[in-house]
Ligand SMILES: Cc1cc2nc3c(=O)[nH]c(=O)nc-3n(C[C@H](O)[C@H](O)[C@H](O)COP(=O)(O)O)c2cc1C
């Protein structure tokens, strides 16, 4: 039943935007990411990665953020690693741009990031690949990611073969198609839940990696 007189909005609900105007979006990302690391039980660095085919059909999946910040590439960026021969890899080859989405449920916050991609250097891909545990290196090297697998045993046999071949050195050669991509943001949007759905939302945009950011408050 509707209340005849809704309760008055309190001061907290009427307070101004909590996402600072004129903030540096990389700095703000770092603050929110630190909060997420303290609050989320699993993978605070998990993010949805949206790509699209050359004819603009979108698709989305989760990946892990493995590097970010003002110095990731010129103008700053956000890096993930994957198999470039996967479905997403095909999209990226055809259309070198993407969107990233973080949703930290327990913090009730969302960050959306959009922009062009560049592939990391082979040296950077090697360094990250070999920083992973041996078993992860084996799992990645054995996977023809996104391609049909006749049965699970076929994958397990490959895992065993690669494991046996490299167990002694504890290091699997990085498959050349296993690489990383860095998104250079042109748009970063911060969203935070506020009471009564009076949410707070601010976008930061720039025309190029060299341009200054400008920001605007958006209706939620
Ligand atoms: C939490 C989470 C993290 C993941 N991280 C990665 C990752 O960093 N790289 C990756 O290639 N796949 C990752 N995956 C698997 C992808 O979501 C996806 O299944 C795989 O990359 C194949 O996607 P594609 O067929 O669109 O290329 C992750 C999945 C989850 C649920």
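Structural remarks
- Residue order, fewest to most surrounding Cβ atoms within 10 angstrom, among 198, 49: 198, 49
- Binned Cα-Cα distances of the chain, short to long, each 5 Å bin given as a whole percent: 1, 6, 12, 15, 16, 15, 11, 8, 6, 4, 3, 2, 1, 0, 0, 0
- Rg and Dmax of segment 116-164, based on Cα coordinates, read 13.2, 39 Å.
- Helix-only CD estimate at 222 nm, as mean residue ellipticity for the chain, using -39500 (n - 2.57) per DSSP H run (n ≥ 4): -8000 deg cm²/dmol
- Taking the three principal axes of the alpha carbon atoms in segment 1-125, the coordinate ranges are 62, 34, 30 Å, sorted in descending order.
- Taking the C-alpha atoms of segment 1-61, convex hull volume expressed per residue in Å³: 260 Å³
- Using only the C-alpha atoms, the convex hull of segment 129-220 corresponds to 203 Å³ per residue.
- Burial ranking of peptide ranges 127-138, 179-190 (average Cβ count within 10 Å, highest at the top): 179-190, 127-138
- Based on C-alpha pairs under 8 angstrom that are at least 6 apart in sequence, segment 1-93 has a relative contact order of 18 percent.
- Calculated SAXS-style log₁₀ I(q)/I(0) at q = 0.14 Å⁻¹ - segment 62-160, Debye, Cα scatterers: -0.69
- Between the C-alpha center of segment 18-73 and that of segment 152-203 there is a gap of 12 Å.
- For 88, 66, order by how many other beta-carbon atoms lie within 10 Å, fewest first: 66, 88
- Mean separation of Cα contacts under 8 Å, 6 or more apart, over the residue count of the chain: relative contact order %: 22 percent
- Relative contact order (%) - criterion: Cα under 8 Å, at least six apart; region: segment 103-213: 38 percent
- Ranked 64, 156, criterion: other C-beta atoms within 10 Å, fewest first: 156, 64
Each value in this text was obtained by applying a stated rule to the coordinates, not by laboratory testing. Since this is a predicted model, take the numbers as computed values, not measurements. Backbone-built Cβ (ideal geometry, glycine too); neighbour counts: all protein chains shown.
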